[in-house]
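The values are calculated or read from the model by the stated rules, or taken from the named source; none is laboratory data. Quick caveat: nothing in here was measured; it's all calculated off a predicted structure. Here the Cβ positions follow ideal geometry from the backbone for every residue, glycine too, while neighbour counts run over all protein chains shown. These accessible areas exclude ligands, DNA and RNA; they are computed on the full protein's heavy atoms, side chains included. Shrake-Rupley method; radii C 1.70, N 1.55, O 1.52, S 1.80 Å.
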Amino acid sequence: MVYIPQKELNCGSSSDDNASTDDTAANDNTVVTQENRNPLVLPSGCLSSTVLKLSCKGIQAKKYYSFDLSNRMISGDTINKVEVYPNDDTVTGTQATYDKQSFKVLLAGGESITNVGILFIITTLSGEVLKFTCVLPIRPEGVLQVGLGANYVMGGQGPSGKGALNLDIGTVDTLLPGQNATADIIHDEDGKGTINLGIPQGAAGANGKDGTNGQDGKSYINDGTVDLNIKSLQLGDIQTIDISDVPDGRIFIDRKNNQLVIKQNNQWVPLNNMSNFELETTYKNNTGTFPINFAPVKLVGSAGAVSGATGLTAGYLSPDTTKGLPTPTTMLIRVDFKISSTDTTDSDYYILGYEGSFNIRINPGKKTVSFYNAQTKSYSIDYSKLTINLHDDKFHTAYFILNNGYKGYTCFAIDGVYFNRELPTGNLYLTNLRVRGNKNNTVTANALTIKNLGISSKLPSLLNNQMVPTDFTEFEGYYTLINNALENKQLEQGILLKPYSNLDSLNTIIPIYMNDSSNNMAAFDEDGLCKGTGLMTTALALDTFTFECYFKYNSIYDNTATSSRRSIIGKFGLFSIGIAANSNSKFTYKDYASDTETTLIDDIQKDRWHTLAISCKNNIASIFVDGVKKGNVAFNFSWNYIFFRGLGYKDYVPLENTIVIKNISMIVGQAKYYNDYDLSLTP
């Protein structure tokens, strides 16, 4: 916490502003007040006599505040950095996010009734630095009236208000139902008051009706070895916060009903209505892993495959590659399917899965959905008992979820209803992915129609009976399968990564954890890999591929990191892409075998996110930075033991935050339209 003196903040308030509950400003000041939850629009011109006043926040509450700086910034300029400095050490400003000329910040804390001055320092992409201060009133969420004809502020020790007694809360005792509430006020020799409260319990309600018995399933109890994500649990009461301030998936306390609730779809959902498995999907499996997506460029049909106006009605599909392309250990594969309403065939139709490994099948005659391991049926359930009607001549959605990063489970669902979880899948290869059958299980023509295949590194919620999205915007691989549309439509967007890819997706890329020194350990923050190095252990010798990642250099370390090559990706003895050794800004490709170094950018910009993309065809790689091609180089290396943020186990810049890398993606094949990269999509 950086403490900024009140005089330096110059909030435009009187000198005793922090000692008064009077919310009015000095008469010679112009007051700009934020209304409700609308953004505070900063006026143009000099702010020396302007009070920028935020809407009040409760004591110890957390609240997002938005600001619009369009009146104070050059047209076309954008915000690049936001710094927040409250002059009260109990108040914090975190989670600053910005979009063009506006930003949002989460303000939290405050232990007493006061007006807190907050200094904001904004750095723009053009290099301008804007400073302004705001007044944040800290006020209690309400008052509790307890006898003696006076109001008592709960939890406050603020300055005296007119006609109010100021008391500390002493003891709070729980009384039996029916007893009268009590309030005992005690004053010490200095006149300080304390109130001791007695609050009766509510009467017990009548027992509710017994619910219907569900089908027995496989249970799971956390044995204490799983590191649950404690960041999702907030010590807050929903009666004192605004639900719109809370991100989805956060758990809070509902004191009124004495239970825990989770925010989903802008509602408080009681946790006792969720399965145990749903709760444990908020786990923390970030053991130092990256998201990575292996998406085939296109699919090919088997002999006799038919793709028409409704989708694939005969044959089956597989990826158009002979490479041993690994399936990430955390991955969602989704497909929409339809069977005829009159079909009563007693046969297990293969919907989706892997040749020689796990797959989902459906039997319209027996009305069962089954899980197979290769050709062996491991599990079967009557889908009519899952309240699913698959005989309505409509398309339905099947999920195949790989989640080996967490307890090694695979999951299967139809229309958001989960029906099975099993053991680890082991090493699966996308080369073996099959849709609508495989060579050992062919499905009769027109008995099963398949469309809309999606492949994503982002998993859905595992809440049972969840809503299934109708679009595929969050899928890195999307194939409509209609009228031979078997190519990945997402490549039409260029080769930019999906910005929502998160840090704890899977462990195809392994962090390096050395034991000899803490400086050698891989470290991650909310942005990505910020210290140490990571490693890809995939034995892929590819002559045609597309690779991409985000990276950011910190200019603070220019004077201390120049002796080392600040590499984003590479391997000692083969190649490296990054800032050259003994340089602060020269961004190069270095080929160690030929001892040549190709300059890509003379002066790489620091303190902002960039994209690095390598699009290789026939061992000639085009290297892009922020969508602009910077050069062509020969590239003929296996991806096995390729390092990120370094060149080897110990060949990296040890200083934390010197380079940060996140969101790695890779496709087997050359990305379409890479010559027409959309610059507006860069981060």
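Among the residues making up the stretch 553-577, those that are over 21 Å from residue 537 (Cα atoms) and of a type outside the set (Val, Ile, Thr) are 553, 554, 555, 557, 558, 559, 561, 563, 564, 565, 566.
Under the condition of being under 34 Å from the mean Cα position of the chain (by Cα) and either open to solvent by 10 Å² or more (accessible area, probe 1.4 Å) or aliphatic (A, V, I, L, M) (or both), the residues counted in the stretch 337-360 number 8. Please tell me if residue 10 is open to solvent by 70 Å² or more (accessible area, probe 1.4 Å) and either modelled with pLDDT under 85 or over 26 Å from residue 607 (Cβ atoms) (or both). Taking the combined requirement at face value, the residue satisfies it.
For the stretch 79-105, residues that are surrounded by 15 or more Cβ atoms within 10 Å (Cβ to Cβ), part of a loop (DSSP other than H, G, I, E, B) and out of contact with any Gly (no Cβ under 6 Å at 6 or more places or on another chain) total 2. The number of residues in the stretch 473-490 being crowded, with 20+ Cβ neighbours inside 10 Å and either of a type outside the set (S, T, N, Q) or touching a Ser or Thr at 6+ places or on another chain (Cβ under 7 Å) (or both) comes to 7.
For the stretch 115-129, the condition of being part of a strand (DSSP E or B), of a type outside the set (A, V, I, L, M, F, W, C) and over 19 Å from residue 44 (Cα atoms) holds for at least one residue. Being modelled with pLDDT of 85 or more, in contact with a Ser or Thr (Cβ under 8 Å, 6 or more places away or on another chain) and either farther than 20 Å from residue 239 by Cα or open to solvent by less than 60 Å² (accessible area, probe 1.4 Å) (or both) is true of residue 109. Would you call residue 469 open to solvent by 60 Å² or more (accessible area, probe 1.4 Å), of a type outside the set (D, E, K, R), assigned to a loop (DSSP other than H, G, I, E, B) and modelled with pLDDT under 80? Criteria not met by residue 469.
Listed by position, the strands (runs of 3 or more DSSP E) contained in the stretch 548-637 that have at least 2 residues being of a type in the set (D, E, K, R), over 23 Å from residue 534 (Cα atoms) and in contact (Cβ under 8 Å) with a residue 12 or more places away in the chain are 628-634. Looking at the stretch 547-570, is at least one residue open to solvent by 60 Å² or more (accessible area, probe 1.4 Å) and either basic (Lys, Arg) or under 19 Å from residue 125 (Cα atoms) (or both)? Yes. Residues of the stretch 534-547 that are polar (S, T, N, Q) and not in a strand (DSSP E or B): 544 alone. Restricting the search to the stretch 387-400, which residues are of a type in the set (A, V, I, L, M, F, W, C) and open to solvent by 30 Å² or more (accessible area, probe 1.4 Å)? Selection gives 395 alone.
When the stretch 364-389 is limited to residues that are among the basic types (Lys, Arg) and within 18 Å of residue 417 (Cα to Cα), the one that is modelled with the lowest pLDDT turns out to be 385. Go over the candidates 653, 660 one by one and state the one that is open to solvent by less than 50 Å² (accessible area, probe 1.4 Å), touching a Lys or Arg at 6+ places or on another chain (Cβ under 6 Å) and assigned to a loop (DSSP other than H, G, I, E, B). Answer to the check: 653. Across the stretch 121-129, a minimum of one residue is classified as modelled with pLDDT of 80 or more, exposed (fewer than 13 other Cβ atoms within 10 Å of the Cβ) and hydroxyl-bearing (Ser, Thr, Tyr).
This table checks each residue for (1) assigned to a strand (DSSP E or B); (2) touching a Gly at 6+ places or on another chain (Cβ under 9 Å); (3) not β-branched (Val, Ile, Thr).
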{"position": "300", "(1), (2), (3)": "yes, no, no"}
{"position": "309", "(1), (2), (3)": "no, no, yes"}
{"position": "313", "(1), (2), (3)": "yes, no, no"}
{"position": "321", "(1), (2), (3)": "no, yes, no"}
{"position": "332", "(1), (2), (3)": "yes, yes, yes"}
{"position": "337", "(1), (2), (3)": "yes, yes, yes"}
{"position": "341", "(1), (2), (3)": "no, no, yes"}
{"position": "347", "(1), (2), (3)": "no, yes, yes"}
{"position": "352", "(1), (2), (3)": "yes, no, yes"}
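Counting only residues that are open to solvent by less than 20 Å² (accessible area, probe 1.4 Å) and either modelled with pLDDT of 90 or more or within 23 Å of the chain's Cα centre (by Cα) (or both), the stretch 61-72 holds 3 of them. On the given criteria, is residue 635 open to solvent by less than 10 Å² (accessible area, probe 1.4 Å), under 28 Å from the mean Cα position of the chain (by Cα) and of a type outside the set (Ser, Thr, Tyr)? Criteria not met by residue 635.
Can you find a residue in the stretch 431-453 that is outside any loop (DSSP other than H, G, I, E, B), open to solvent by less than 10 Å² (accessible area, probe 1.4 Å) and at pLDDT below 85? Checked against the condition, which is being outside any loop (DSSP other than H, G, I, E, B), open to solvent by less than 10 Å² (accessible area, probe 1.4 Å) and at pLDDT below 85, the stretch 431-453 yields no hits at all. Only one of the listed residues (296, 270) is at pLDDT below 95 and either farther than 24 Å from residue 439 by Cα or over 30 Å from the mean Cα position of the chain (by Cα) (or both). That residue is 270.
Of all residues in the stretch 627-640, none satisfies being touching a strand residue (DSSP E or B) at 6+ places or on another chain (Cβ under 9 Å), among the hydroxyl-bearing types (Ser, Thr, Tyr) and farther than 22 Å from residue 573 by Cβ.
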